[in-house]
Protein chains: 2
Amino acid sequence: MNKSQLYKGSLTTIILKLLEENGRMYGYEMTQKVREMTSDELTINEGALYPALHKLEAEGLLTVEVVPAGNRLRKYYSITLKGQAETVNRLAELESFIEHMRILLGPKVILG
Amino acid sequence: MNKSQLYKGSLTTIILKLLEENGRMYGYEMTQKVREMTSDELTINEGALYPALHKLEAEGLLTVEVVPAGNRLRKYYSITLKGQAETVNRLAELESFIEHMRILLGPKVILG
DNA sequence: AAAATATACCTCAGATTCTGATGTATCAAG
DNA sequence: CTTGATACATCAGAATCTGAGGTATATTTT
């Protein structure tokens with residue numbers, strides 16, 4: 001993850017939210033979606049993405065389904081019920097983080 | 001740093017901004033200030049704070065001045081010119097991060 | 001006066017998360 | 001037939017944090 005730095009810990013929140021919104025996605029698709037949504041300003045590093053997906057799956061927040069696409073493979077990820085609950089927590093934590101930053105860094109910040 | 005999680009990377013931004021606003025502070029004072037400002041919701045972990053202060057000093061973003069307070073020592077930190085420039089960058093990155101999260105996570109988030 | 005809490009600094013092992021490089025393989029386009 | 005896109009992956013090393021522990025002085029409570 002790079003270019004206009006993300007704070008460590010935010011990647012999993014993005015993954016969960018993308019899957020919550022789009023139902024089912026594969027890793028590479030996520031990198032493209034984020035590029036597209038941020039006009040190339042934000043790039044998900046695949047070296048961070050794939051391990052993160054594996055971890056979320058191991059934690060039972062995602063399920064995976066391997067689907068052949070032509071002669072290649074795609075691993076489609078979907079969010080589980082547990083994952084949906086975790087998404088709520090993650091978003092609440094992010095809001096809390098932003099509120100604290102607003103308090104600590106002053107009103108100039110974050111109102112952009 | 002804990003309790004209502006901060007994202008990794010935000011601690012140095014907080015330190016720089018506190019010093020920019022308050023002119024001169026020592027480590028322990030920063031932990032108390034953050035507690036006070038966030039009504040105890042956010043606690044800076046000293047195990048993260050002190051190494052961060054040492055690193056910022058090593059990078060030339062802060063200067064330190066050891067001052068006896070009674071029979072104890074305080075290490076007062078001040079921000080350098082270089083540190084002020086870096087603060088501008090850090091705040092811009094934070095705003096950028098928040099804007100990207102707004103785009104990726106939807107309008108419900110971040111608007112409180 | 002003794003014990004507990006607050007002030008004030010610090011280190012260190014281990015965990016987490018990320019970067020950047022590298023690797024494999026298929027597919028489309030020029 | 002090579003370049004670039006698609007699609008997955010791993011790994012060494014860096015950065016940052018948590019949680020625990022340590023030293024010492026000062027103040028407050030019992």
Failed condition for A:T80, given (1) within 13 Å of DNA strand D (Cβ to nearest atom); (2) away from every other protein chain (no Cβ under 14 Å); (3) free of Cβ contacts under 8 Å to residues at least 24 places away in the same chain: (1)
Matching residues in the range A:4-37 - criterion: being under 9 Å from the mean Cα position of the chain (by Cα) and not in a helix (DSSP H, G or I): A:S10
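For (1) within 14 Å of DNA strand D (Cβ to nearest atom); (2) away from chain A (no Cβ under 13 Å); (3) open to solvent by 40 Å² or more (accessible area, probe 1.4 Å); (4) free of Cβ contacts under 8 Å to residues at least 24 places away in the same chain, each residue gets a yes or a no:
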residue	(1), (2), (3), (4)
B:L42	yes, no, no, no
B:P51	yes, yes, yes, yes
B:G70	yes, yes, yes, yes
B:A92	no, no, yes, yes
B:R102	no, no, yes, yes
B:G106	no, no, no, yes
Set A:K75, A:K55, A:K82: member being farther than 18 Å from A:Y7 by Cα and in a strand (DSSP E or B): A:K75
Among (1) among the aromatic types (F, W, Y); (2) within 12 Å of chain B (Cβ to nearest Cβ); (3) away from DNA strand C (no atom under 16 Å from the Cβ) - the single one A:F97 does not satisfy: (3)
Single residue of the range B:46-61 satisfying the filter (more than 12 Å from the chain's Cα centre (by Cα) and more than 8 Å from DNA strand C (Cβ to nearest atom)) that is nearest to B:E20 (Cα to Cα): B:L61
Long-range neighbours under 6 Å by Cβ, at least six apart or interchain, first residue away from chain A (no Cβ under 13 Å) within the range B:16-30, second at pLDDT below 95 and assigned to a helix (DSSP H, G or I): none
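The values are calculated or read from the model by the stated rules, or taken from the named source; none is laboratory data. Quick caveat: nothing in here was measured; it's all calculated off a predicted structure. Backbone-built Cβ (ideal geometry, glycine too); neighbour counts: all protein chains shown. Remember, those area values only see protein heavy atoms, side chains included, never the ligands or the DNA or RNA. Shrake-Rupley method; radii C 1.70, N 1.55, O 1.52, S 1.80 Å.
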